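Before I ask anything, here is the structure I am working with.
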Amino acid sequence: MAAQKLLLLPGDGIGVEVLAEVRRIVAFIEQKGILSFEIDEDLVGGAAYDAHGVAITDAAMAKAKAADCILFGAVGGPKWDGVEYDQRPEAGLLRLRKELELFANLRPAICYPALADASALKRELVDGLDIVIVRELTGGVYFGSPKEITDLGNGQQRAVDTQVYETYEIERIAKVAFELARVRSGRVTSAEKRNVMKSGLLWNQVVTRTHGQGYEDVKLDHMLADALGMQLVRAPKQFDVIVTDNLFGDILSDVASMLTGSLGMLPSASLGAEDKTTGKRKALYEPVHGSAPDIAGKGLANPIAMIASLAMALKYSLGKPELADLLDKAIARTLDDGYRTGDIWTDGMSKVGTSEMGSAVLKKFETLVSA
Ligand code: NAD
């Protein structure tokens, strides 16, 4: 069995604490002989800045490029507020995304039945919710040029951002969505604003054409992005995979995240292009939350978003979808048993810290794997 190259980048604050819990699960998977790992670790964010004066070193970047998958904690914190812009902690993550060309951001919104009452919506609308938003991450209005504010000379200024997409960018993200739908329930909804935006028109046409080039087994629908926003809070369970551009994806995935209760529960994956020879994609897995300076170092952080990010890595990079399902099931059963970190705690539940929650999930996982 070829060893899987895993790079751990804990980062700052609770990133370090939640990744420690994942390390224990990885060790168990290896000890059971299910996968063999070649594990490396490096600094990123404020921790890298303190040690090396940069948010990520070239040596760590080289490890990231060679890795089969990267598990990333979180970066940032008030300690680095005064650091020069190019070396601020977030610059480490942006460099990884850019140089590894991680163009597809997958954000699942799963509502565990045990937590349905923590959602902003009624239980019946979200109980058992399981959708994924596939957001284009490296193009669109955040990167298009020109991007400027000019002085019009009459006391007025003019701000311009450019929404721009080329065919290949839409094709490759559409393919990720179709392939993802195939290992789920086989449905993709593509969202844009073709009624008012040329980029939306091209998006719609290219997604439709790509669908007809070998993905006909997947059911494709199109929806205007504003209508989809409304449907997402009206009847979210109608969706399976949603694919959309960088701007709409940013907004819609934040809306979807609130359907599930807490920031401490949300994993994500960022994927690059498929390597022609190995068939593998560059991939980085991270919780959606940040370094949570308010609770860092206290053992209070919820490790579930990080553990669920490992489950995504097992599914999409490490070729073990059944094991990923068992890990997700272990999380659900731990919640069913009433274990809660502070962020998801409600009356009558057992309040636990990071390592207790990690141990509880690991114990359930061990039982499920050995069954
Ligand atoms: P945050 O996600 O770190 O925290 C927001 C709130 O949610 C805090 O009250 C925090 O205690 C709570 N929270 C977050 N994750 C939790 C968890 N796993 N368990 C329990 N509670 C949790 O966002 P913020 O406070 O706006 O940002 C803090 C720092 O993190 C900033 O420097 C920001 O730039 C950085 N940040 C980094 C990333 C990343 O690394 N990808 C993402 C977002 C923010």
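Those residues that are among the aliphatic types (A, V, I, L, M) and either under 14 Å from residue 141 (Cβ atoms) or over 21 Å from the mean Cα position of the chain (by Cα) (or both), I need them from segment 187-206; list them, please.
Answer for segment 187-206, where residues must be among the aliphatic types (A, V, I, L, M) and either under 14 Å from residue 141 (Cβ atoms) or over 21 Å from the mean Cα position of the chain (by Cα) (or both): 196, 197, 201, 202, 206.
So which residues in segment 339-369 are modelled with pLDDT under 95 and more than 11 Å from residue 302 (Cβ to Cβ)?
Hits for segment 339-369 are 346, 347, 348, 349, 350.
Given 20, 66, 51, 60, which one is touching a helix residue (DSSP H, G or I) at 6+ places or on another chain (Cβ under 9 Å), over 30 Å from residue 364 (Cβ atoms) and of a type in the set (A, V, I, L, M, F, W, C)? Full working, then the answer.
Values: 20 fails: over 30 Å from residue 364 (Cβ atoms); 66 fails: touching a helix residue (DSSP H, G or I) at 6+ places or on another chain (Cβ under 9 Å); 51 fails: touching a helix residue (DSSP H, G or I) at 6+ places or on another chain (Cβ under 9 Å).
Result of the check over 20, 66, 51, 60: 60.
If you take the residues of segment 49-105 that are within 15 Å of the ligand (Cβ to nearest atom) and at positive phi, which of them is surrounded by the most Cβ atoms within 10 Å (Cβ to Cβ)?
Per the stated criteria, the residue is 76.
Hey, another quick one. Of the residues 177, 181, 114, which single one is part of a helix (DSSP H, G or I) and either of a type in the set (S, T, N, Q) or touching a helix residue (DSSP H, G or I) at 6+ places or on another chain (Cβ under 7 Å) (or both)? If you could, list the steps in order and put the result at the bottom.
Details: 177 fails: either of a type in the set (S, T, N, Q) or touching a helix residue (DSSP H, G or I) at 6+ places or on another chain (Cβ under 7 Å) (or both); 181 fails: either of a type in the set (S, T, N, Q) or touching a helix residue (DSSP H, G or I) at 6+ places or on another chain (Cβ under 7 Å) (or both).
Just a single option satisfies the conditions, and that option is 114.
In segment 292-319, how many are within 19 Å of the chain's Cα centre (by Cα), buried (at least 19 other Cβ atoms within 10 Å of the Cβ) and either assigned to a loop (DSSP other than H, G, I, E, B) or within 10 Å of the ligand (Cβ to nearest atom) (or both)?
Residues that pass the stated criteria total 9.
Since residue 155 meets every condition but one in (1) over 26 Å from residue 101 (Cα atoms); (2) over 24 Å from the mean Cα position of the chain (by Cα); (3) touching a residue at least 12 places away in the same chain (Cβ under 8 Å), which condition does it not meet?
(3)
The values are calculated or read from the model by the stated rules, or taken from the named source; none is laboratory data. These numbers come from a predicted model, not from an experiment. Cβ: placed from backbone, ideal geometry, glycine included. Neighbour counts: every protein chain shown.
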